[in-house]
Amino acid sequence: EAQVTQNPRYLITVTGKKLTVTCSQNMNHEYMSWYRQDPGLGLRQIYYSMNVEVTDKGDVPEGYKVSRKEKRNFPLILESPSPNQTSLYFCASSLRDARNTNTEAFFGQGTRLTVV
Amino acid sequence: KNQVEQSPQSLIILEGKNCTLQCNYTVSPFSNLRWYKQDTGRGPVSLTIMTFSENTKSNGRYTATLDADTKQSSLHITASQLSDSASYICVVSARGTYKYIFGTGTRLKVLA
């Protein structure tokens, strides 16, 4: 089954404790991205990756890191989480980037992160 | 500034009724517009994708329209079902960029 898998689904952590949210896709997609979703703000892009070893900042990259060492995986790293990073996070993948009309983006099930 | 605005913020309708959700955008130059359905606590799922030259596109009971001149789109849901209760998100991308610009969504509740 074609899917984007995020782990964990739920996470409560303390301020300053490094954490990683994993994202994996089995569709051989080139383009992957991370979003956060907050009430009243919609989805905002954190980072995206056009292909292996190619990443770039989205609209809200501060406090986050990513890596793309393999095509299928795109982990999101919070080196020193803070309470303002409490949010619902989504990973997405697609065959091509947003410029390609026929590309459907597939989203993971989300990771609800709480930083206390 | 590239923006996507949706209305209404929330909507309650009775099962079997039709409804229309609106999306206005200021994204330029326009590339494509997508409608997503997001069930509570789950990831968005694509409903339709439209380019500049497309005026309408259907996916079952969902029909999206696009007026690129006025920069408006609508999503019409016919004969609503309880399972249509969700948030509906309008997403626009600009030509030459790698990014999607998301609206804040319309939360639809269908009552029996």
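The values are calculated or read from the model by the stated rules, or taken from the named source; none is laboratory data. In this text, all values refer to a predicted model and were calculated from it rather than measured experimentally. With ideal geometry, Cβ positions are generated from the backbone for all residues, glycine too; neighbour counts draw on all protein chains shown. Protein only, heavy atoms only, side chains kept; ligands, DNA and RNA dropped before computing areas. Shrake-Rupley method; radii C 1.70, N 1.55, O 1.52, S 1.80 Å.
Go through segment B:1-36 and give me each residue that's open to solvent by less than 40 Å² (accessible area, probe 1.4 Å) and under 19 Å from B:T63 (Cβ atoms). Of everything in segment B:1-36, those that are open to solvent by less than 40 Å² (accessible area, probe 1.4 Å) and under 19 Å from B:T63 (Cβ atoms) turn out to be B:Q6, B:I13, B:C19, B:L21, B:C23, B:Y25, B:N32, B:L33, B:R34, B:W35, B:Y36. Considering A:R112, A:R36, A:R72, the condition of being among the basic types (K, R), in contact (Cβ under 8 Å) with a residue 12 or more places away in the chain and at the interface with chain B (Cβ under 9 Å from one of its Cβ atoms) is satisfied by A:R112 alone.
The strands (runs of 3 or more DSSP E) found wholly in segment B:44-104 include none carrying at least 2 residues that are open to solvent by 20 Å² or more (accessible area, probe 1.4 Å) and of a type in the set (D, E).
Applying the criterion of being of a type in the set (S, T, Y) and part of a loop (DSSP other than H, G, I, E, B) to the residues of segment B:1-43, the residue that is nearest to B:I77 (Cα to Cα) is B:T40. Among the residues of segment A:75-90, those that are open to solvent by 10 Å² or more (accessible area, probe 1.4 Å), closer than 13 Å to A:L19 by Cα and in contact (Cβ under 8 Å) with a residue 60 or more places away in the chain comprise A:E79, A:S80, A:S82. From the list A:S67, A:S93, which one is within 14 Å of chain B (Cβ to nearest Cβ), within 16 Å of A:V21 (Cα to Cα) and either of a type in the set (D, E, K, R) or under 13 Å from the mean Cα position of the chain (by Cα) (or both)? Every option except A:S93 fails the conditions. The single residue among A:L88, A:L43 that is modelled with pLDDT of 95 or more, closer than 20 Å to B:T104 by Cβ and part of a strand (DSSP E or B) turns out to be A:L88.
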